[in-house]
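Note sheet for the following structure.
Read-outs: derived from the displayed coordinates by stated rules, not from any lab. Since the model is a prediction, treat every value here as computed from it, not as a measurement. Note: ideal-geometry Cβ built from the backbone for every residue, glycine included; neighbour counts use all protein chains shown.
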Ligand code: HEM
Ligand code: HEM
Ligand code: NFV
Ligand code: SF4
Ligand code: SF4
Ligand code: F3S
Ligand SMILES: [Mg+2]
């Protein structure tokens, strides 16, 4: 007997995700992932000035804010043949590193942690013991018994008020929670500390981009001029603030995030065998040390791994019309030439047509179209993208930094490398990546300083900013690695205006419905086989889905 | 054929534009020209790459000041003209501008035939403005109104005086200040085109009709054919 | 400071718990509730300290939630633990699925007329609302249910206030702002894409501290944060007044921090607190970092012209057709027409003179003579 359960809204994610799962004998037999909100920004972009596109697509998402804007300016620069000054590359990288640090930490503590940490159980912890554990795993100074008992008292008062706020109706006490009360208390303490910390690291983006969320970008470079001898520009004071923030961020990740991750993971090693899914991983590559046009200098190397085979990494070409394609067989869109065909994004279409049940409804008709997310494929393969993909590709490419980080973690947890192909692997890879990125952020920063020192203060190349200098027609593609994975935008410019603009986004890859040939995408395939102890409290579904860090506004746009 | 021109009219000197109208006219012309020049600068400031400190310059500030000063003059002058439309002589009256009678339309058709298509027709109907000119001035007055509404609407936020504050509602009705500014800017082009055509037509009428149109806005007198004057007089009765 | 609960208040005044329960019974009777509800009333009076809040998400990008958690005074942990009870928000709440929906229903019932409804995002009205669905219901259905018993509504961000990016032309989903859908409730609009975190926190704190809605302007925005234009509080304003402008990004003038007006800065037409409150704990704001304001707190700012142009362009007239270009063309055409007219007029006048001469008159001087 199988039973269909629905999780909608899936919370602690960005956007509107619905999961329907067939459960039999305590395991998920089949799963359906549906994105239930659409805005059609690709349609809205038609006819607009390509230089403005970054602002529109920036609003695709306020969580991975800035990454779409970055990808957009790269896309337009690609179409128009604009090469930006090295300082602008470095500033973009530094902002990107700040985004990763922010997004990964917020995901771990605020979106994912409550799948593993039982908040209410933290009240039972012994503050003294908690302090001992905290001090044994990290140098982080906020770890005295008094600190933890104060916190506990505050939470007790909160719980006693009867108003549980964001914690109400959680699955507290669920048997799948395995942490000792003391670790739960540490998790809760760092939930609050991370909430305070996260608002600091984004100041890096505010310094160069004016605000966060949604900092400003510029086709041709960055708008923040270097003005060492002026109070208005990027000067020594601004740069010192950037450096300090990056240092603090790195410290937080190394002394709080990573130790917590390892401590929590060590109680959930069984999840190293759950939620693996596809086994196909794809990375477009990003964080160039020597300019976007030199992929060899990328800190995130690009490549494709098929069937968990780490011995072979394939190359990706975003311009080839038979590599990346999007299907709408199970998505609420119509293609002019029929819904069985895949379209390369340069000729992509976004004509929406809802054919699902009339709301309010109980179940989707998953035999038919059942999502606003399109289904992207690489050479016909379903792909998982994200931190795990990046860590695996870096590892498989033999990059030293990756090997060191991955092997270290595997040793600490005492698990084999195959444990990475899992829900736990995804969550762990994110932490490793955060720590790598926090180091690179400073590397980019020092590179910027040495550039300025050598007299190069250029920040934007405005030669081709004026539309009069553009060719009548131009095609462009730009890519980035977003916190959630491989991201690319495609543009078709005609007479100075956008004729077509298409985004294929990490969560589009991961959360999409099945394709024309019935292949599942990453979420659906990872859910299959996941145990569910209590159908009324599907905590395990959240664990696996959250391990991808879903962003539905991104996925559908 | 030739006979037609044998009817040469006796001309009569008519005091058409009273002093207040003439005064209004030139003040209006001067303030509008100032508003166009300064408005154009506000929209497209010149590139002044100067080594002077900002503290010693106030270029845009002065331009804006002139714009606002001219705006006040323009505004009160306009109010005065509306008032004079009710108390002035009949050539200044509001009926000159608003098509209320069949005669108004007939005359517009005449003017169109004669002045634009350059056909022959029954001439010299009016003494003050012709009907076509009257209607165009009516549109011009509407444009004055738009410019005052949008201008003071934009100005209101920077002012504490109650008068501009009366217009504070305008931007919100028009969908924000951005749209208000756009409308204000587009309307400027109406004025530029109006001035060019208007000045041309004054020359034209003087040239072709010989009624002293050019100087009439100076001295107030026009030279009107006896019949036209009498007919105009009787029509009004 | 925190308001004491009714229960604390009662105890402080020297009454016993028995008295308190009696009072609660009386209250329940007064409110026309059944006996079973007395316990609930007592509980509500006993424990009501934090303002219950339901925070809905519709067509949005969650940047408003993200901005909110970046508030530096007060920090959000304190707001969540001490000031409000955020009983429903898809971004942060522990519960998912029907437990999440139950949490919302619970608050709607228990705090009828007392809770604050925050809305992030617009509501799509096209195709019967299917472009945004939560728990199998349309956004509109969810909104109606939650708005009914709300004490007041806060519309967060430009999405909820005016539709923001998804409402940009051609607004394919008919993204609709909240004030057009809910009538008869006070609505506080807090526009911006996103609004400044401290501004959002400030609005909440105002509600909690003073137990009333902050004073709003004629567009429904809190006067405290939206009564001045960015231009009027911008530190580059002296350069604007002096006539010193950035002519191209990263030029000499940009390095000197001149005014960004000619780079399309929308500060002169944008009401927001950026110049004073600034962003991210006062770190910077768009103009300070060299980019013009894009007007993100203004209605329909996506269709108020392009980012890097001051004047909006016209579709169908080619890419660079601003009002000035069209005006200049019209002026050229008018001048040409007038020249043509002048030539014709001359011909006509010569013919006139010729005809008159044909009649035997020597020149124009004789025209006025009696025949
Ligand atoms: C014939 C009449 C007028 C013309 C042709 C005119 C023209 C203009 C133009 C072209 C602009 C620049 C718009 C832009 O940003 O592109 C402007 C700005 C402005 N005008 Fe006028 N204007 C007129 C009357 C008025 C009046 C009556 C007022 C009333 C106070 C006014 C107040 C303003 C204000 C406040 C601005 C914005 C200036 C700033 O904030 O720097 N204008 N005008
Ligand atoms: C900025 C330039 C000017 C503007 C805005 C302007 C505006 C106007 C307006 C609004 C009227 C209607 C007057 C009324 O009855 O209230 C008018 C009438 C008149 N204007 Fe002007 N004017 C301008 C320049 C001139 C010039 C340069 C001349 C002559 C040399 C002139 C001669 C006249 C005459 C003769 C009339 C009476 C017109 C008729 O009956 O058709 N104007 N003008
Ligand atoms: N998926 C996604 Fe994003 C990310 N990371 C996009 O590019 O989250 Ni909003
Ligand atoms: S207002 Fe802007 S920032 Fe807020 S949700 Fe909408 S698009 Fe995002
Ligand atoms: S930078 Fe923008 S807001 Fe600041 S003074 Fe210049 S135009 Fe105004
Ligand atoms: S773009 Fe928005 S953030 Fe402020 S400076 Fe302008 S209102
Ligand atoms: Mg797309």
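To the nearest 10 degrees, how steeply does helix B:19-43 sit against the main Cα axis of chain B, on a 0 to 90 scale?
The helix B:19-43 is inclined about 40 degrees to chain B.
What list do you get for B:198, B:184 if you sort them by fewest beta carbons within 10 Å?
B:198, B:184
To the nearest 0.05, what FRET efficiency results for residue B:33 and residue A:270 with a Förster distance of 60 Å applied to their C-beta separation?
0.10
Using a basic spin-label model with each label point 7 Å from the Cα along Cα→Cβ, how many nm lie between residue B:44 and residue B:65?
Going from the residue B:44 label point to the residue B:65 one covers 2.6 nm.
Quick one: length gained pulling residue A:154 to residue A:439 fully straight, 0.36 nm per residue minus the C-alpha distance?
Residue separation times 0.36 nm, minus the Cα-Cα distance, leaves 99.1 nm.
Can you compute the modelled spin-label distance between residue B:58 and residue A:132, with each label point 7 Å from Cα toward Cβ, in nm?
7.5
Using only the Cα atoms of region C:228-320, build the gyration tensor, take square roots of its eigenvalues as a ≥ b ≥ c, and label the shape rounded, prolate or oblate: rounded if a/c is under 1.5, else prolate if a/b is larger than b/c, else oblate.
Since a/c reaches 1.5 but b/c is at least a/b, the shape of region C:228-320 is classed as oblate.
Could you check the simple spin-label distance between residue A:29 and residue C:82, using points 7 Å along Cα→Cβ, in nm with one decimal?
So the two model labels end up 5.4 nm from each other.
What list do you get for C:252, B:107 if you sort them by fewest beta carbons within 10 Å?
C:252, B:107
So how much slack lies between residue A:499 and residue A:411, counting 0.36 nm per residue of separation and subtracting their Cα-Cα distance, in nm?
26.5 nm
222 nm [θ] for the protein assembly as shown, helices only, -39500 (n - 2.57) per DSSP H run of 4+, per residue, to 500?
The per-residue figure over the protein assembly as shown is -13500 deg cm²/dmol.
For a quick check: sort C:61, C:159 by the number of other beta carbons within 10 angstrom, fewest at the front.
Fewest to most other Cβ atoms nearby, the residues stand as C:159, C:61.
Can you give me the angle between helix B:131-156 and the longest principal axis of chain B, using Cα atoms only, in degrees from 0 to 90, rounded to the nearest 10?
10
From the square roots a ≥ b ≥ c of the eigenvalues of the alpha-carbon gyration tensor of region A:435-557, which class results: rounded (a/c under 1.5), prolate (a/b over b/c), or oblate?
Oblate is the answer for region A:435-557, as a/c is 1.5 or above yet b/c matches or exceeds a/b.
Taking a ≥ b ≥ c as the square roots of the eigenvalues of the Cα gyration tensor of chain A, is the shape rounded (a/c under 1.5), prolate (a/b larger than b/c) or oblate?
Judged from the Cα gyration tensor, chain A comes out oblate (a/c at least 1.5, b/c at or above a/b).
How high is the relative contact order of chain A, in percent, with contacts defined as C-alpha pairs under 8 Å that are six or more residues apart?
Computed value for chain A: 26 percent relative contact order.
What's the FRET efficiency of residue A:228 with residue A:297 using the Cβ-Cβ distance as r and R₀ = 30 Å, to the nearest 0.05?
That pair, residue A:228 with residue A:297, gives E of 0.70.
What FRET efficiency comes out for the pair residue A:367/residue C:216, r = Cβ-Cβ distance, R0 = 51 Å, nearest 0.05?
After rounding to 0.05, the efficiency reads 0.50.
Nearest 10 degrees, 0 to 90: what angle lies between the long axis of helix B:102-111 and the longest principal axis of chain B (Cα atoms)?
90
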